[in-house]
Amino acid sequence: MTERGHDRDVVQCRVKVQELRNAYRKAREANGHSGASPATCHFYKELDAILGGDPTSTPMTTMDTSEPSTARGEEEKEEENARKGAEAGGDTLESPDKCSQELFLSQEEGSQSRSPVGRTNTRGGSRGIGSALCKRLLQEDAGVRLCLACRSMQKAAATKAMLLATHPAAQVTLVRLDVSSLESVLRAASEIQCRKAIHMLSTAEGLLTQEDCITADGLQAVFETNLFGHFILIRQLEPLLCCLEKPSLLIWTSSSNARKSAFTLTDYQHSKGNESYSSSKYAIDLASVALNKHFNKQIRFFTKSYTLTPYNGAEAQVWLFKQKPESLDALMKYHSCTSPMGKNYVESQKMDVEEETTEIFYQKLLELEKHVLARLNAPFSPK
């Protein structure tokens with residue numbers, strides 16, 4: 001694209017794709033009303049050919065996308081906010097609904113699965129890669145128990161119904177969680193702590209935007225949604241993650257757009273820059289390495305990124321689900337890939353991080369955690 005005179009980066013391209021999909025959806029819905037005058041949008045015919053007349057379908061030949069929301073009212077406003085950088089999806093540019101979702105999974109006693117998973121919690125479970133991951137995990141092991149932690153309980157309930165339609169015996173529970181709100185994170189953690197253990201926790205994508213704003217917690221929105229909300233959740237759930245003889249598995253959803261050049265320790269929330277998304281995803285890589293250093297025998301942290309459709313994008317997570325955590329390299333990022341022939345595979349790549357930087361950043365996160373939890377009068381993990 002650069003050779004052709006285009007200077008958009010990958011995030012801007014994904015935002016543009018989402019805008020086109022939303023415009024096409026609205027035109028399709030308007031044309032579906034009886035007596036309505038014909039409606040159209042830019043590239044209507046081309047989009048109709050790609051999406052097959054279904055604005056919620058995922059084209060197989062385009063970049064990372066997933067279904068846009070079809071709700072009305074408040075979520076229509078969220079779509080506008082997404083274009084302004086206030087709310088967006090993750091690496092799949094998921095929806096105007098912030099991906100405030102986790103996946104916590106667990107295995108039934110006596111399950112014959114080869115995976116190390118007992119209980120698993122997944123964020124991102126109500127749509128996109130989270131939903132695809134749940135489907136694929138149930139295909140791998142029908143005895144796995146899923147807990148979807150989602151911002152939109154309505155969408156979470158719809159996903160649960162969809163999963164039960166194909167796996168009637170599946171055990172699926174829901175927890176409300178918005179990682180852009182520390183109060184919501186603490187409430188969700190308190191609810192999740194009633195469980196016996198968590199063997200696998202997978203985060204979703206977060207805010208896909210290089211623009212930023214301030215949350216009610218006084219933090220940069222992209223930093224809090226993509227990293228810090230997850231960090232607080234993990235810290236609150238340490239007793240569940242560390243209570244097993246075998247290491248628990250935590251999977252961060254990173255990105256190929258995680259860039260070292262976008263991150264600085266002096267401005268780790270990226271309040272003064274214009275690459276908030278890239279900075280937050282590189283910060284995830286740093287946090288993953290640091291957490292592995294401190295909890296290596298109890299929890300193993302891994303980062304992954306993905307491409308194309310949500311189903312393809314879940315490839316690395318499903319692969320990690322089957323591995324023994326202690327056999328994996330914590331300095332590697334595991335990428336979901338799809339060949340030109342449509343074959344899914346996992347590719348590992350060493351992260352561009354320095355251990356000294358990871359430790360300094362980890363200490364800064366601990367300092368910030370202590371400050372915000374003291375302000376909220378919340379329990380603090382001293383470890």
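The values are calculated or read from the model by the stated rules, or taken from the named source; none is laboratory data. Worth saying up front: this structure is predicted, and the values here are computed from it rather than measured. All Cβ positions, glycine included, derive from the backbone under ideal geometry; neighbour counts span all protein chains shown.
Tally time: how many residues in the stretch 179-225 are of a type in the set (D, E), touching a residue at least 60 places away in the same chain (Cβ under 8 Å) and under 30 Å from K324 (Cα atoms)? Walk me through how you get there before you give the answer.
Applying the first criterion (of a type in the set (D, E)) to the stretch 179-225 yields 183, 191, 205, 211-212, 217, 224.
The next check asks that each one be touching a residue at least 60 places away in the same chain (Cβ under 8 Å); those that pass are 183, 205, 211-212, 217.
Next, from what is left, pick out any that are under 30 Å from K324 (Cα atoms): 205.
Looking only at that region, the number is 1.
Can you tell me how many residues within the stretch 246-290 are more than 16 Å from the chain's Cα centre (by Cα), modelled with pLDDT under 90 and closer than 20 Å to T203 by Cα?
2
For the stretch 353-379, which positions are in contact with a helix residue (DSSP H, G or I) (Cβ under 8 Å, 6 or more places away or on another chain) and in a loop (DSSP other than H, G, I, E, B)?
V353, A378, P379
Of the conditions (1) at pLDDT below 95; (2) buried (at least 22 other Cβ atoms within 10 Å of the Cβ), E224 fails just one. Which one is it?
For E224, the exception is condition (1).
When you go through T209, T203 one by one, which is the residue that is surrounded by 21 or more Cβ atoms within 10 Å (Cβ to Cβ) and closer than 24 Å to L376 by Cβ?
The match here is T203.
Among (1) charged (D, E, K, R); (2) more than 23 Å from the chain's Cα centre (by Cα); (3) more than 24 Å from H294 (Cα to Cα); (4) surrounded by 12 or more Cβ atoms within 10 Å (Cβ to Cβ), where does R375 come up short?
The failed condition is (4).
I need the full set of residues from the stretch 193-231 which are β-branched (V, I, T) and over 15 Å from R151 (Cα atoms), in order please.
Answer for the stretch 193-231, where residues must be β-branched (V, I, T) and over 15 Å from R151 (Cα atoms): I198, T209, I214, T215, V222.
Right, A149: in contact with a helix residue (DSSP H, G or I) (Cβ under 8 Å, 6 or more places away or on another chain) and either part of a loop (DSSP other than H, G, I, E, B) or under 15 Å from T225 (Cα atoms) (or both) or not?
Numbers: in contact with a helix residue (DSSP H, G or I) (Cβ under 8 Å, 6 or more places away or on another chain): yes; either part of a loop (DSSP other than H, G, I, E, B) or under 15 Å from T225 (Cα atoms) (or both): yes.
Judged against the criteria, A149 is a match.
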